[in-house]
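Asks: Sending over a structure as structure tokens; questions will come in a sec.
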Amino acid sequence: KKSHDGSIDGRFSFKFNNEIKKGIVQVTKGSGLNHFKAFCSEVGNGSADIGVYVTFEDQVTTGMKRICSDPDKYGKIGGIDKIQILTFEDLLDNSKQYKLPDPNGLIPF
């Protein structure tokens with residue numbers, strides 16, 4: 001069912017620099033670059049500090065990876081990419097999780 005939240009499937013909060021920050025999650029079985037860009041715009045417009053996009057590995061494109069790694073596009077928070085892609089395969093087979101910045105504002109090297 002369509003909602004007014006841009007099809008966001010989950011929300012979470014985390015602490016960074018003594019402030020509570022917001023994260024959003026979108027889970028999709030099929031995606032495309034335009035769908036991904038629409039999700040990224042939710043983070044870009046300030047409705048979240050981190051966005052986690054979950055899809056199947058074969059749906060992740062070079063363009064999507066480029067957007068995530070472009071520091072001028074969405075940037076980083078505490079050294080962590082603001083837009084992160086997780087695949088179902090990584091979640092299930094490799095127990096991979098999304099990354100959060102250090103709560104004290106320390107940047108990893």
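The values are calculated or read from the model by the stated rules, or taken from the named source; none is laboratory data. Fair warning: this is a prediction, and the values are worked out from it, not measured in the lab. Because the Cβ atoms are built from the backbone with ideal geometry, glycine has one as well, and the counts that use them run over all protein chains shown. Remember, those area values only see protein heavy atoms, side chains included, never the ligands or the DNA or RNA. Shrake-Rupley method; radii C 1.70, N 1.55, O 1.52, S 1.80 Å.
Asks: Determine, yes or no, whether residue 81 is in contact with a Phe, Trp or Tyr (Cβ under 9 Å, 6 or more places away or on another chain) and acidic (Asp, Glu). Write out each step before concluding.
Replies: On the way: in contact with a Phe, Trp or Tyr (Cβ under 9 Å, 6 or more places away or on another chain): yes; acidic (Asp, Glu): yes.
The answer is yes for residue 81.
Asks: Select from the stretch 22-41 the residues that are within 14 Å of the chain's Cα centre (by Cα) and either small (Gly, Ala, Ser) or open to solvent by less than 40 Å² (accessible area, probe 1.4 Å) (or both) and list them in ascending order. Let's see the steps before the verdict.
Replies: Initially, the stretch 22-41 is screened for residues within 14 Å of the chain's Cα centre (by Cα), giving 22-28, 35-41.
If the condition is that a residue be within 14 Å of the chain's Cα centre (by Cα) and either small (Gly, Ala, Ser) or open to solvent by less than 40 Å² (accessible area, probe 1.4 Å) (or both), then 23, 24, 25, 26, 28, 36, 38, 39, 40, 41 are the ones that fit.
Asks: Which of the residues spanning the stretch 66-87 are buried (at least 17 other Cβ atoms within 10 Å of the Cβ) and of a type in the set (Lys, Arg)?
Replies: Hit for the stretch 66-87 is 82, nothing else.
Asks: Still on this structure, please answer the following. Do you know which of the residues in the stretch 42-81 that are under 10 Å from the mean Cα position of the chain (by Cα) and modelled with pLDDT of 90 or more is farthest from residue 100 (Cα to Cα)?
Replies: 54
Asks: For the stretch 88-103, which residues satisfy the criterion of being open to solvent by less than 60 Å² (accessible area, probe 1.4 Å) and in contact with a Lys or Arg (Cβ under 7 Å, 6 or more places away or on another chain)?
Replies: Result: 90, single match.
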